[in-house]
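Data block below; observations after.
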């Protein structure tokens, strides 16, 4: 039988996780290295800390002329986020003396030099004594005020001068858990009734969506293993209807999902229509995730591991009736679900990813038949990956017409959606 999990156990494991993020590893990968019994608590603590990491970094600089490095700095930052007056997510709350005591014990578990325990203890106690003044000074720093890197704040401010504050504030709120009902297996009203019978409060959203009042483990969802539903944000659920509705596609229409992993949008397309669908992804392991998702949902598609931009390696020359290009991007619109993204990205990533998006658009456009549609989307709020990308594409391609499209969706918009960009392009008939 495992011994009970102490807060110091969780703090030590979370400090290791946060250090991994600071060193460039994604939170998902870092959590995978955490012992399973600690993982739920560590995930909650890490999400909380990363939503306050800007404040933590500035406070450390105010508290110490020579801040510690490595795991000790990560632990000090974590402890400071737990001592802030309000937890944004409301899920993490400990008495101040407990945080200080357990943080010192966690340092011992991390096998750090003994002198660091006294240093961290002194920093935390000074923070508690001078909290009001220290927070007032920290809030003069944009990174602390908005809990995003300075360059990120400036970029959002430039791209969305009317909404930048709302975007940054929404990023620090937890995202709702939204399901997509598999209409081939069960009706949405029937599935809502099943949820409510299990005392799981839920409301219908969008066309096939259901928003849960509280997040739950998927194994608590009725019919999960039988493929009755998937977890998918409402913004992502817009892709399939945008591409298919009004397109007048025949049964068995030839459709490409160009960057398909992990397969949520692939599956939704197949749930909505009878399609001859080819799903591509450059990563073999991510292709396996598509296969697993389709198998659980009872759906079929042709799967290939390939770089969608290298069309000579996979395209047979037959034109597609419709293409979904969910292009690689900075993921700046899904920070609510992935709070590490803002701390992992660098300013140069935007131009690098925009170039990759351009490469995919230019390569795939010739594979689309005349009269066909291409839906370009990214989970980004940066205009270089959305509005600007499409505006430039339209200037280069006179045969492309922009159909009514949502454009940039902002995190926290009505319906509680993630940040996304959608542009639906029609390939005009020649002449």
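The values are calculated or read from the model by the stated rules, or taken from the named source; none is laboratory data. Bear in mind the structure is a predicted one, so any value in this text is a computation, not a measurement. For neighbour counting, all protein chains shown are included, and Cβ atoms are generated from backbone atoms with ideal geometry for every residue, glycine included.
Of note:
- The set of residues in segment 11-21 that are closer than 9 Å to residue 42 by Cα and free of Cβ contacts under 8 Å to residues at least 40 places away in the same chain comprises 13, 17.
- Look at segment 40-57: where a residue is without any contact (Cβ under 8 Å) to a residue 24 or more places away in the chain and a partner is in a helix (DSSP H, G or I), sitting 6+ places away or on another chain with Cβ atoms under 8 Å, you get 43/31.
Yes or no, residue by residue, for (1) surrounded by fewer than 21 Cβ atoms within 10 Å (Cβ to Cβ); (2) over 30 Å from residue 212 (Cβ atoms):
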{"position": "379", "(1), (2)": "no, no"}
{"position": "384", "(1), (2)": "yes, yes"}
{"position": "389", "(1), (2)": "no, yes"}
{"position": "393", "(1), (2)": "yes, yes"}
{"position": "396", "(1), (2)": "yes, yes"}
{"position": "406", "(1), (2)": "yes, no"}
{"position": "421", "(1), (2)": "no, no"}
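- Residue satisfying all of: in segment 195-215; in contact with a strand residue (DSSP E or B) (Cβ under 6 Å, 6 or more places away or on another chain) and part of a loop (DSSP other than H, G, I, E, B); nearest to residue 230 (Cα to Cα) among these: 208
- Verdict on residue 355 being surrounded by fewer than 16 Cβ atoms within 10 Å (Cβ to Cβ) and either within 30 Å of residue 20 (Cβ to Cβ) or at pLDDT below 95 (or both): yes
- Here the condition is being surrounded by 18 or more Cβ atoms within 10 Å (Cβ to Cβ) and farther than 21 Å from residue 206 by Cα; of 243, 275, it holds for 275 alone.
One line per residue, one yes/no per condition, for (1) crowded, with 18+ Cβ neighbours inside 10 Å; (2) more than 24 Å from the chain's Cα centre (by Cα); (3) not assigned by TED's automatic domain parsing to the domain that holds residue 59:
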{"site": "103", "(1), (2), (3)": "yes, yes, no"}
{"site": "109", "(1), (2), (3)": "no, yes, no"}
{"site": "115", "(1), (2), (3)": "no, yes, no"}
{"site": "120", "(1), (2), (3)": "yes, yes, no"}
{"site": "137", "(1), (2), (3)": "no, yes, no"}
{"site": "152", "(1), (2), (3)": "yes, no, yes"}
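- Looking across 192, 238, one residue alone is at pLDDT 95 or above, farther than 25 Å from residue 52 by Cβ, buried (at least 21 other Cβ atoms within 10 Å of the Cβ) and touching a strand residue (DSSP E or B) at 6+ places or on another chain (Cβ under 7 Å). It is 238.
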